[in-house]
Amino acid sequence: MKTKKGFTLIELLVVIAIIAVLLAILIPSLQAAKELASGAVCVNNQKSLCTAWGMYSADWKGNLVGGSTYDTGTRCTPYRWVEPPLINPFYGSAKTPLTAAALTQDQRLNGIRAGKLFSYIGSEKAYHCPGDKTFRNPEPYAVYRSYAITGLMNGEDFISRKAPGTQFDPIEVYRTVTLNGVNKVLICVTKVTEIASPGTKLVFMEEDIVKGKSGANKQEYNKGGWVLLGNGYTWWDSPAGYHNGGSTFSYADGHADKRKWQDKDTVNKIENAVDDPDPSHNEDLLWLAQGYIPKP
C-alpha cells in the first residue's frame, strides 16, 4: 500500500512565510493603485465642478458664484455654491441644528442640492473625493463634501462689505498681508473678468478639515472656503493628501490637475497634523500662494 504524503510542518511554515512576504510587497502596491484610481475620479469631479462654476458665471453676466458657505456675518457671500446642512433641499429652508442628535448625512446633502451649482451637475457624488474617508467619522463630524472654493474667488477672504454690510452689498474692505516685506492687498474677485491668468489661478481645493489645524479643527460640515496666507506666507486651511501624498485642484480656465506634495513639512502637516515650523520657506505653500491670488 502507498502512503499519502502531505506537507511537513516546516514546509507549511515556509509556504506561509512566502505568502506573508508576497502580501507585504503587494498590499502597498494595491493601495497605491487604489489611490491613483481615486485621484482620476477626483480630477474628473474637479472638472465637473469647475465647468459648472464657469457655466454659472456665463449665465449671470460674468458674476462669480458665492465661494463660501457663510450666509450670515460680515464675511458671508450671496448666491452660494453650496449651503449649510438643511432640513430639506430647498434654498431658504430651515437650517439643521448642528448637534449630534439632529444632524444627518442627508441634511448635508440637502445643503449641496440647494447650492447654486447643483442644477449644472445633478449628482452629489461630484462633491466627494473617493479617497476622503471623513464621512466615516462618528456624528456630528461625518463630513461628506471634500472640496472648497478658494477664499479670494468671491469667497470669505475679505474684511467687510459696503455698509450696511448685508451679503448683497459689494466688498469694500479687503485683507492686507505682508509678503516679502511688502504690504499686499488681497483682492477678493467677484467677476470672472477680474481674474488674471485664469489657467494658473485655483478655484476648487481638496481640503482636509480634520488635520488642517493640528487635528483640532472639528467641523460638522466643510465650513466657509479654503483660505491661505494667514499672516504672510503661512498656512490657514490645509490641503488634503488623499492620492499618494498628493491633492487635486481645478483652475479658472476649467482644467483640473493633481500635485504630489514635495516639502516634508507639508507631508507631516497632512499625515500627522503637525504645524509647519517654517512655512515661509515651504515650496508647496509658495506654489499655492501663486495660484491663490487671482488679481495682482
Residues to consider are Ala101, Ala126, Ala94; find the one that is touching a residue at least 24 places away in the same chain (Cβ under 8 Å) and not aromatic (Phe, Trp, Tyr).
Ala126
Mind listing whichever residues of the stretch 180-201 are part of a strand (DSSP E or B) and either closer than 17 Å to Phe158 by Cα or among the aromatic types (Phe, Trp, Tyr) (or both)?
Asn183, Lys184, Val185, Leu186, Val189, Lys191
How many of the residues in the stretch 115-138 are touching a Ser or Thr at 6+ places or on another chain (Cβ under 7 Å) and small (Gly, Ala, Ser)?
2
Which is assigned to a loop (DSSP other than H, G, I, E, B), farther than 21 Å from Gly39 by Cα and more than 16 Å from the chain's Cα centre (by Cα), of Gly254, Gly224, Gly230?
Gly230
Quick check: is even one residue across the stretch 7-20 among the polar types (S, T, N, Q), surrounded by 13 or more Cβ atoms within 10 Å (Cβ to Cβ) and at pLDDT 75 or above?
no
Filter the stretch 124-166 for residues that are in a loop (DSSP other than H, G, I, E, B), among the hydroxyl-bearing types (Ser, Thr, Tyr) and modelled with pLDDT under 90 and give the result.
Tyr141, Thr166
Could you look through the stretch 65-91, keep only residues that are of a type in the set (A, V, I, L, M, F, W, C) and without any contact (Cβ under 8 Å) to a residue 60 or more places away in the chain, and pick out the one that is nearest to Tyr144 (Cα to Cα)?
Leu86
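So that you can scan it fast, the table gives a plain yes or no per residue for (1) crowded, with 19+ Cβ neighbours inside 10 Å; (2) modelled with pLDDT under 70; (3) more than 22 Å from the chain's Cα centre (by Cα):
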{"site": "Lys4", "(1), (2), (3)": "no, yes, yes"}
{"site": "Leu23", "(1), (2), (3)": "no, yes, yes"}
{"site": "Leu30", "(1), (2), (3)": "no, yes, yes"}
{"site": "Lys34", "(1), (2), (3)": "no, yes, no"}
{"site": "Trp53", "(1), (2), (3)": "yes, no, no"}
{"site": "Thr69", "(1), (2), (3)": "yes, no, no"}
Among residues belonging to the stretch 247-263 that are small (Gly, Ala, Ser) and surrounded by 22 or more Cβ atoms within 10 Å (Cβ to Cβ), point out the one that is nearest to Trp53 (Cα to Cα).
Ala252
Could you please let me know if Pro89 is within 26 Å of Gly241 (Cα to Cα) and over 17 Å from the mean Cα position of the chain (by Cα)?
no
Filtered residue count, the stretch 90-112, keeping only those that are in contact with a strand residue (DSSP E or B) (Cβ under 8 Å, 6 or more places away or on another chain) and more than 16 Å from Ala142 (Cβ to Cβ):
3
Looking at this structure, is Asp157 touching a residue at least 40 places away in the same chain (Cβ under 8 Å), crowded, with 23+ Cβ neighbours inside 10 Å and acidic (Asp, Glu)?
yes
Matching residues in the stretch 92-110 - criterion: being of a type in the set (A, V, I, L, M, F, W, C) and not in a helix (DSSP H, G or I):
Ala94, Leu98, Ala100, Ala101, Ala102, Leu103
From (1) farther than 21 Å from Ser160 by Cα; (2) polar (S, T, N, Q); (3) surrounded by fewer than 22 Cβ atoms within 10 Å (Cβ to Cβ), pick out the condition that doesn't hold for Asn110.
(3)
Filter the stretch 264-296 for residues that are closer than 27 Å to Ser197 by Cβ and small (Gly, Ala, Ser); which is surrounded by the most Cβ atoms within 10 Å (Cβ to Cβ)?
Gly291
Please tell me if Ala100 is at pLDDT below 85, touching an Asp or Glu at 6+ places or on another chain (Cβ under 6 Å) and either surrounded by fewer than 20 Cβ atoms within 10 Å (Cβ to Cβ) or under 23 Å from Met205 (Cα atoms) (or both).
yes
Looking for whichever is under 29 Å from Asn183 (Cα atoms), out of contact with any Phe, Trp or Tyr (no Cβ under 9 Å at 6 or more places or on another chain), in a helix (DSSP H, G or I) and of a type in the set (A, V, I, L, M, F, W, C) here; the options are Trp287, Trp235. Which one fits?
Trp287
Test of understanding: among Ala216, Ala240, which residue is modelled with pLDDT under 95, surrounded by fewer than 16 Cβ atoms within 10 Å (Cβ to Cβ) and under 25 Å from Pro85 (Cα atoms)?
Ala216
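The values are calculated or read from the model by the stated rules, or taken from the named source; none is laboratory data. In this text, all values refer to a predicted model and were calculated from it rather than measured experimentally. Methodologically, a virtual Cβ is constructed for each residue, glycine included, from the backbone with ideal geometry; neighbour enumeration extends over all protein chains shown.
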